[in-house]
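Read-outs: derived from the displayed coordinates by stated rules, not from any lab. Everything quoted here is computed from the prediction, not taken from an experiment. Glycine also receives a Cβ, built like all others from the backbone with ideal geometry; neighbour counts cover every protein chain displayed.
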Amino acid sequence: MDTQQQLDQFQERIDNGEKIEPKDWMPERYRKQLIRIMSQHAHSEIVGMLPEGNWITRAPSLKRKMVLLAKVQDEAGHGLYLYSATETLGIERRELVEGYIYGNAKYSSIFNYPTLTYADICVIGWLVDGAAIVNQTMLAKSSYGPYARANLRICKEESFHKKQGYEMLAKMMEGTEAQQKMAQDAVNRWWWPTLMMFGPNDSDSPNSAELIKWGVKSKTNDELRQHFVDRMVMEAEAINVELPDPDLTYNEETGHWEFGEIPWDEFWSVVKGDGPMNRERIKARQKAYESGEWVREAAMEYARKKKLRKEKAS
Amino acid sequence: MSDQTNTEWPLWEVFYQPKDGKPFEHAGSVHAPDSEMALQNARDTYARRNEGISLWVVPSDQIVASTPEDVGPFFDPANDKAYRHPQFYSVPRAVKKRK
């Protein structure tokens, strides 16, 4: 049981801006919450490879293919940084991975939408990675040392992801009428799901206050979302693409862009598993995991035999 | 679901040297069946952009670390030895000026 004195001392460390390291004392609930959000973050990076991987073989040029391959490989890397950081909390990789492949651990809902055209790849880079940067820049200052460091590493790579998407989208918006239409269509489909990436409104987000108190996060969902919208309005204007929200208006007083009501019913239905691609994503991950089992076993066996041979020789 | 429980590859801690002459830093960890694959996985995970010019991998269970509980008594022999620092000593004014 965590005593009040321990909890107070822990809170004092957080309030002083100290980082918590794996072997330090921490409240059981802090550990649990970290495992939950860090592993969700890791699963999201891994599942995030699927919608983009879908287009690698059909990239419009060799250059775009190399870029997309490198980006998808980075997503795998991000997943691995985060799993590695989560394991420092005393939980095994296998348990984390099986938690979402067979259990009900969540990953970001955004990856339960399909990528219908190559313009979706542009928009994922621009909007989805753009939103991820906003979130991860905050998490790079998280109170848990390994999580903060993993996010710092991720942020350095994420800006390449966003820029390659934005550049491609700008190119499409300068292209033929059909290309412009395709680009606009992708923006229309991804805009609202991207805004949902920041999570429910603060009034419906029971975990937020606690995560902020413990310094895991430093901004609320709505604050992050607003920051993102303000930036994206400017970026959309610069490339002549429209954001599909008739209610977008600039508020002179606050200096922020006000936006329309987010379709939360859709959000909750995707979270609960009824998005367009939920089943397919999980099936793809199960298949990869199970088909890889013999490879993992064989590699282990090879390592064992190699070691035996070496011991015999010496 | 797989019922095998022995195929989780062992965990390795990864250290990298960012530049020539710099000390090694901890990067994170990887899973791998042996040291050779641990190095390859470490390269693919932590050095995709030349972040390191050299890598170390060490089985995680071989790392010995000081514990946070002992941090006071463990490090306090260093606390009362101000004479180990150059600021402890005075220098003639004339010499100070010539810096």
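Taking Cα atoms only, the orientation of helix B:35-46 departs from the longest principal axis of chain B by about 70 degrees.
Using only side-chain charges placed at the Cβ, +1 for Lys and Arg and -1 for Asp and Glu, the dipole size of the protein assembly as shown relative to its Cα centre rounds to 2380 debye.
Once fully extended, how much extra length lies between A:N207 and A:E290, figured as 0.36 nm per residue of separation less the alpha-carbon to alpha-carbon distance? Mind dumping the intermediate values first?
Values: separation 83, 0.36 × 83 = 29.88 nm, distance 3.37 nm.
Full-extension gain reported as 26.5 nm.
Since only A:G17, B:A47, A:A59 are under comparison, the one whose Cα sits farthest along the positive direction of the charge dipole of the protein assembly as shown, derived from C-beta charges on Lys, Arg, Asp and Glu, is B:A47.
At the listed q of 0.17, 0.24, 0.27 Å⁻¹, the Debye profile of the stretch A:233-314, built from one uniform point per Cα, gives log10 I(q)/I(0) equal to -0.91, -1.09, -1.17.
The order of A:C155, A:C122, going from fewest to most other C-beta atoms within 10 Å of their C-beta, is A:C155, A:C122. DSSP bridge analysis restricted to the protein assembly as shown gives an antiparallel fraction near 95%, rounded to the nearest 5.
Using a cut-off of 22 Å between Cα atoms, the listed pairs A:K71/A:K217; B:K22/B:K97; A:K63/A:K171 include A:K71/A:K217; B:K22/B:K97 as exceeding that distance. Out of every Cα-Cα pair that chain B contains, those further apart than 21 angstrom amount to 61 percent.
Secondary-structure-derived ellipticity at 222 nm for chain A, considering helices only, amounts to -21000 deg cm²/dmol, per-run term -39500 (n - 2.57) for DSSP H runs with n ≥ 4. Extending 7 Å from Cα along the Cβ direction at A:A70 and again at B:I53 yields two label points whose distance is 2.2 nm. Computed over Cα pairs, the Kirkwood radius of the protein assembly as shown leads via Stokes-Einstein (1.306 mPa s, 10 °C) to a diffusion coefficient of 66 µm² per second. Taking every Cα-Cα distance in the stretch A:17-100 and sorting them into 5 Å bins from zero, the calculated P(r) comes out as 3, 14, 21, 17, 13, 11, 8, 6, 4, 2, 0 percent.
Per-residue Cβ counts within 10 Å, from other chains only, averaged over B:27-39: what number is that?
5
Around the amide H of A:G260, modelled in the peptide plane, lie the amide H atoms of A:D247, A:L248, all under 5 Å away and 5 or more residues distant in sequence or on another chain.
Using every pair of distinct Cα positions in the stretch A:208-260, the Kirkwood expression returns a hydrodynamic radius of 12.6 angstrom. FRET efficiency for the pair A:S269 and B:D20, taken as 1/(1 + (r/R0)^6) with r the Cβ-Cβ distance and R0 = 56 Å, rounds to 0.55.
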